[in-house]
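S.K.: To start, I am sharing the structure in question, which I have written as structure tokens.
The values are calculated or read from the model by the stated rules, or taken from the named source; none is laboratory data. None of these values were measured; they are calculated from a predicted model. Reconstructed Cβ throughout: ideal geometry from the backbone, glycine too, with neighbour counts over all protein chains shown.
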Amino acid sequence: MSVKRKVAYFYDPELGNYYYGQAHPMKPHRIRVAHNLILHYGLHNMMQVFQIRPASYTDFTSFHAEDYIDFLRNVNVHEEGVTRQMKSFNCKEDCPVFDGIYQYCQLYAGGSMSGAVKINHGESDCVINWAGGLHHAKKGEASGFCYVNDIVMAILELLKYHARVLYVDIDIHHGDGVEEAFLTTERVMTVSFHKFGGNFFPGTGDVVNVGRGRGKYYSVNIPLKDGIDDHSYELLFKPVMQKVMQIYQPEVVVCQCGADSLAGDKLGAFNLSMKGHAECLSFMRSFGVPMLVLGGGGYKISNVARCWAYETGCLLDVNMGDIMPPNEYETLFGGSGARFHVPVLLDVPNRNSREYLERTKQTVLDNLSKISAAPGVAFYERAPDAEMPDAPEGEARSSSDEGNSRSEGESKMRKPRLWSIPGIKPEAQNGSSSVRSESGDL
């Protein structure tokens with residue numbers, strides 16, 4: 001008998017309005033397009049949909065340096081002398097300063113933080129925040145299109161209640177920011193499958209990089225080469241993750257599902273299908289451990305939206321078919337009746353030989369065998385939950401939110417706003433031209 005899953009989904013319609021710049025490959029608009037597909041497939045009726053509560057300054061500084069967060073909160077690109085400060089925090093070409101940058105960070109990080117709190121309280125066993133997953137940001141600087149590291153922030157929140165958290169990254173880029181944050185601890189195991197070599201960003205994540213100190217062997221890196229396909233990826237992913245789950249026995253799994261590992265991505269060089277990508281997520285879900293599911297990279301909007309809508313369906317055990325429903329972004333997907341699944345590229349060679357895959361797998365499994373037992377930790381007194389901003393003016397609050405008699409250690413976080421009729425803005429429902437056109441960057 002199947003167990004009904006408590007799936008929560010976080011979204012905010014403002015996410016799609018932020019803009020890195022015309023020539024920049026990162027387009028937050030992709031979150032809006034993915035959400036639109038999720039609505040048209042009716043997936044919102046099968047899960048609780050919450051409007052994101054913005055992350056607070058305190059949330060940010062649970063990991064990030066205060067001077068860096070102060071910069072993000074106060075920066076004005078038009079002020080004299082700001083260029084030097086921007087450079088010191090690595091806010092240059094890859095990570096430009098744009099209008100509303102702090103509010104953008106509050107939203108994408110807020111979804112991940114709120115999701116972690118829901119898992120901590122047992123209110124959901126699967127939480128989705130496709131706006132999150134920005135895995136390159138460092139403690140004191142931006143990196144790789146990422147300003148704040150919502151993943152690290154969410155994991156720190158999860159560690160208040162859970163002894164061991166597993167982080168799995170299937171973005172084409174190495175999850176360097178997350179690995180670096182937890183490099184010396186055994187309470188978080190980071191596992192990253194990524195392209196490595198040839199000066200590919202960020203240039204880290206070789207198989208020999210296994211962590212340091214108490215964290216030795218708790219950083220797991222699977223470096224891959226161009227053109228890897230579903231079959232080759234699965235040959236590594238499933239045996240490695242089976243061993244990880246057996247040895248580490250995590251209490252929560254955080255999955256970063258960057259879609260730039262799909263075939264045809266503008267910045268990627270892999271050749272995965274949506275089904276192959278989603279199979280990784282389904283495999284992790286099969287262990288029955290609570291999951292926080294996040295987005296990440298992905299620079300062809302039509303494919304990113306397809307992928308994350310499809311993976312939402314997979315988490316809900318929904319068969320979505322191969323003909324897309326009518327929607328406001330039909331021209332982006334190729335017109336009415338477009339196919340949902342995009343074929344892989346037949347002319348892309350797989351540079352990952354069977355020998356290379358086998359050698360890499362064996363090295364990783366050998367390293368994992370050096371972990372004697374799953375680490376434990378005693379909780380004598382829990383840290384308080386993340387404090388989130390008060391409810392918007394005029395929003396109803398439940399009696400439990402008033403906090404008149406909270407016990408010590410009980411959540412101080414106001415409940416996220418539950419959307420009874422979730423949806424996109426009215427103007428987007430009829431295809432209004434107020435939505436910024438990204439036709440040149442699809």
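S.K.: Give the residues of the stretch 252-300 that are assigned to a loop (DSSP other than H, G, I, E, B), hydrophobic (A, V, I, L, M, F, W, C), closer than 21 Å to Glu123 by Cα and touching a strand residue (DSSP E or B) at 6+ places or on another chain (Cβ under 7 Å), sorted by residue number.
M.R.: Filtering the stretch 252-300 for residues assigned to a loop (DSSP other than H, G, I, E, B) gives 257-258, 263-271, 273, 286-290, 295-300.
Now drop any that are not hydrophobic (A, V, I, L, M, F, W, C), which leaves 257, 263, 267, 269-270, 287, 289.
If we keep only those that are closer than 21 Å to Glu123 by Cα as well, we get 287, 289.
Residue satisfying the conditions is Val289 alone.
S.K.: One residue is enough: does the stretch 80-94 have a residue meeting the conditions under 30 Å from Leu315 (Cα atoms), among the hydrophobic types (A, V, I, L, M, F, W, C), within 22 Å of the chain's Cα centre (by Cα) and part of a loop (DSSP other than H, G, I, E, B)? Break it down stepwise before answering.
M.R.: Quick first cut of the stretch 80-94, residues under 30 Å from Leu315 (Cα atoms) only: none.
No, the conditions are met nowhere in the stretch 80-94.
S.K.: Looking only at the stretch 210-244, which residues are polar (S, T, N, Q) and over 21 Å from the mean Cα position of the chain (by Cα)?
M.R.: Of the stretch 210-244, the ones polar (S, T, N, Q) are 219, 221, 232, 242.
Across the stretch 210-244, the qualifying residues are Ser232, Gln242.
S.K.: I'd like to know if the stretch 123-140 contains one or more residues that are assigned to a loop (DSSP other than H, G, I, E, B), in contact (Cβ under 8 Å) with a residue 24 or more places away in the chain, within 20 Å of His24 (Cα to Cα) and of a type in the set (Phe, Trp, Tyr). Show your work before the answer.
M.R.: First pass over the stretch 123-140, keeping only residues assigned to a loop (DSSP other than H, G, I, E, B): 123-125, 130-137, 139-140.
If we keep only those that are in contact (Cβ under 8 Å) with a residue 24 or more places away in the chain as well, we get 123-125, 130-137, 139-140.
Still in the list and also within 20 Å of His24 (Cα to Cα): 130-137.
Still in the list and also of a type in the set (Phe, Trp, Tyr): 130.
Yes, some residue in the stretch 123-140 is assigned to a loop (DSSP other than H, G, I, E, B), in contact (Cβ under 8 Å) with a residue 24 or more places away in the chain, within 20 Å of His24 (Cα to Cα) and of a type in the set (Phe, Trp, Tyr).
S.K.: Could you list, in sequence order, all residues of the stretch 81-112 that are of a type in the set (Asp, Glu) and either surrounded by 15 or more Cβ atoms within 10 Å (Cβ to Cβ) or more than 20 Å from Pro202 (Cβ to Cβ) (or both)? Before you say what the answer is, go through the steps one by one.
M.R.: Keep residues of the stretch 81-112 that are of a type in the set (Asp, Glu), which gives 93-94, 99.
Of everything in the stretch 81-112, those that are of a type in the set (Asp, Glu) and either surrounded by 15 or more Cβ atoms within 10 Å (Cβ to Cβ) or more than 20 Å from Pro202 (Cβ to Cβ) (or both) turn out to be Asp94, Asp99.
S.K.: Does Ile151 fit the bill of being among the β-branched types (Val, Ile, Thr), buried (at least 24 other Cβ atoms within 10 Å of the Cβ) and touching a His at 6+ places or on another chain (Cβ under 8 Å)?
M.R.: Working: among the β-branched types (Val, Ile, Thr): yes; buried (at least 24 other Cβ atoms within 10 Å of the Cβ): yes; touching a His at 6+ places or on another chain (Cβ under 8 Å): yes.
Considered against the rule, which asks whether it is among the β-branched types (Val, Ile, Thr), buried (at least 24 other Cβ atoms within 10 Å of the Cβ) and touching a His at 6+ places or on another chain (Cβ under 8 Å), Ile151 comes out as yes.
S.K.: Here is a follow-up. Suppose we keep only residues that are more than 18 Å from Asn149 (Cα to Cα) and surrounded by 13 or more Cβ atoms within 10 Å (Cβ to Cβ) within the stretch 66-80. Which one would you say is modelled with the lowest pLDDT?
M.R.: Step by step, filter the stretch 66-80, then rank; the result is Val77.
S.K.: Residue pairs, Cβ under 8 Å, 6 or more apart or interchain, first in the stretch 228-257 and buried (at least 17 other Cβ atoms within 10 Å of the Cβ), second part of a helix (DSSP H, G or I) and among the small types (Gly, Ala, Ser). List them.
M.R.: What qualifies is Asp229/Gly276; Asp230/Gly276; Tyr233/Gly276; Val254/Ala154.
S.K.: Out of the residues in the stretch 200-251 that are outside any loop (DSSP other than H, G, I, E, B), basic (Lys, Arg) and out of contact with any Phe, Trp or Tyr (no Cβ under 8 Å at 6 or more places or on another chain), which is farthest from Pro349 (Cα to Cα)?
M.R.: Applying the first criterion (outside any loop (DSSP other than H, G, I, E, B)) to the stretch 200-251 yields 213-215, 219-224, 230-248.
Still in the list and also basic (Lys, Arg): 214, 238, 243.
In the following step, the residues that additionally are out of contact with any Phe, Trp or Tyr (no Cβ under 8 Å at 6 or more places or on another chain) were identified as 214, 243.
Numbers: Arg214: 40, Lys243: 29 Å.
It comes out as Arg214.
S.K.: While we're on this one: What pairs come up if the first residue lies in the stretch 359-371 and is at negative phi, the second is part of a helix (DSSP H, G or I) and among the acidic types (Asp, Glu), and their beta carbons are under 8 Å apart, counting only those six or more places apart or on different chains?
M.R.: none
S.K.: Return a yes/no flag: does the stretch 119-139 have any residue that is in contact with a Leu (Cβ under 6 Å, 6 or more places away or on another chain) and polar (S, T, N, Q).
M.R.: yes
S.K.: Also, I was wondering about something else. Kindly evaluate Glu180 against the criterion of being surrounded by fewer than 24 Cβ atoms within 10 Å (Cβ to Cβ) and either under 13 Å from the mean Cα position of the chain (by Cα) or not in a helix (DSSP H, G or I) (or both). Even if it seems obvious, please write down each step before you answer.
M.R.: Working: surrounded by fewer than 24 Cβ atoms within 10 Å (Cβ to Cβ): yes; either under 13 Å from the mean Cα position of the chain (by Cα) or not in a helix (DSSP H, G or I) (or both): no.
Spelling it out, it is not the case that Glu180 is surrounded by fewer than 24 Cβ atoms within 10 Å (Cβ to Cβ) and either under 13 Å from the mean Cα position of the chain (by Cα) or not in a helix (DSSP H, G or I) (or both).
S.K.: Take the residues of the stretch 49-65 that are in contact with an Asp or Glu (Cβ under 7 Å, 6 or more places away or on another chain) and within 24 Å of Gly16 (Cβ to Cβ): which is surrounded by the most Cβ atoms within 10 Å (Cβ to Cβ)? Give the derivation first.
M.R.: Narrowing the stretch 49-65 to residues in contact with an Asp or Glu (Cβ under 7 Å, 6 or more places away or on another chain): 51-52, 56, 58.
Still in the running and within 24 Å of Gly16 (Cβ to Cβ): 51-52, 56.
Values: Gln51: 20, Ile52: 27, Ser56: 18.
That would be Ile52.
S.K.: Another one. Can you say whether Asp317 is over 28 Å from Leu156 (Cβ atoms) and under 19 Å from the mean Cα position of the chain (by Cα), as far as the supplied structure shows? Steps first, please.
M.R.: Working: over 28 Å from Leu156 (Cβ atoms): yes; under 19 Å from the mean Cα position of the chain (by Cα): no.
Judged against the criteria, Asp317 is not a match.
S.K.: Is at least one residue of the stretch 47-65 assigned to a loop (DSSP other than H, G, I, E, B), small (Gly, Ala, Ser), modelled with pLDDT of 95 or more and within 24 Å of Tyr310 (Cβ to Cβ)? Break it down stepwise before answering.
M.R.: Start the filter on the stretch 47-65 by keeping residues that are assigned to a loop (DSSP other than H, G, I, E, B), which leaves 47, 52-56, 61-65.
Narrowing further to those that are small (Gly, Ala, Ser): 55-56, 62, 65.
Remaining after also requiring modelled with pLDDT of 95 or more: 55-56, 62, 65.
Of the ones still in play, those that are also within 24 Å of Tyr310 (Cβ to Cβ) are none.
Scanning the stretch 47-65, I find no residue that is assigned to a loop (DSSP other than H, G, I, E, B), small (Gly, Ala, Ser), modelled with pLDDT of 95 or more and within 24 Å of Tyr310 (Cβ to Cβ), so the answer is no.
S.K.: Scanning for something modelled with pLDDT under 95, part of a helix (DSSP H, G or I) and either buried (at least 24 other Cβ atoms within 10 Å of the Cβ) or not basic (Lys, Arg) (or both), does the stretch 301-324 turn up at least one residue? Break it down into steps so the answer makes sense when it comes.
M.R.: Narrowing the stretch 301-324 to residues modelled with pLDDT under 95: 319-324.
Imposing the further condition that a residue be part of a helix (DSSP H, G or I) reduces the set to none.
Checked the stretch 301-324: no residue is modelled with pLDDT under 95, part of a helix (DSSP H, G or I) and either buried (at least 24 other Cβ atoms within 10 Å of the Cβ) or not basic (Lys, Arg) (or both).
S.K.: Looking for something hydrophobic (A, V, I, L, M, F, W, C) and not in a loop (DSSP other than H, G, I, E, B) - is there at least one such residue anywhere in the stretch 330-348?
M.R.: Within the stretch 330-348, the subset hydrophobic (A, V, I, L, M, F, W, C) is 332-333, 338, 340, 342, 344-346, 348.
If we keep only those that are not in a loop (DSSP other than H, G, I, E, B) too, we end up with 332-333.
Checked the stretch 330-348: at least one residue is hydrophobic (A, V, I, L, M, F, W, C) and not in a loop (DSSP other than H, G, I, E, B).
S.K.: Restricted to the stretch 1-46, and to residues that are small (Gly, Ala, Ser) and outside any helix (DSSP H, G or I), which residue is surrounded by the fewest Cβ atoms within 10 Å (Cβ to Cβ)?
M.R.: We begin by selecting, within the stretch 1-46, every residue small (Gly, Ala, Ser); these are 2, 8, 16, 21, 23, 34, 42.
When the remaining residues are screened for being outside any helix (DSSP H, G or I), the result is 2, 8, 21, 23, 42.
On the way: Ser2: 5, Ala8: 23, Gly21: 11, Ala23: 9, Gly42: 12.
Among them, the one singled out is Ser2.
S.K.: How about the stretch 141-172: which of its residues are under 21 Å from Arg32 (Cα atoms) and part of a strand (DSSP E or B)?
M.R.: The one that is under 21 Å from Arg32 (Cα atoms) and part of a strand (DSSP E or B): Cys146.
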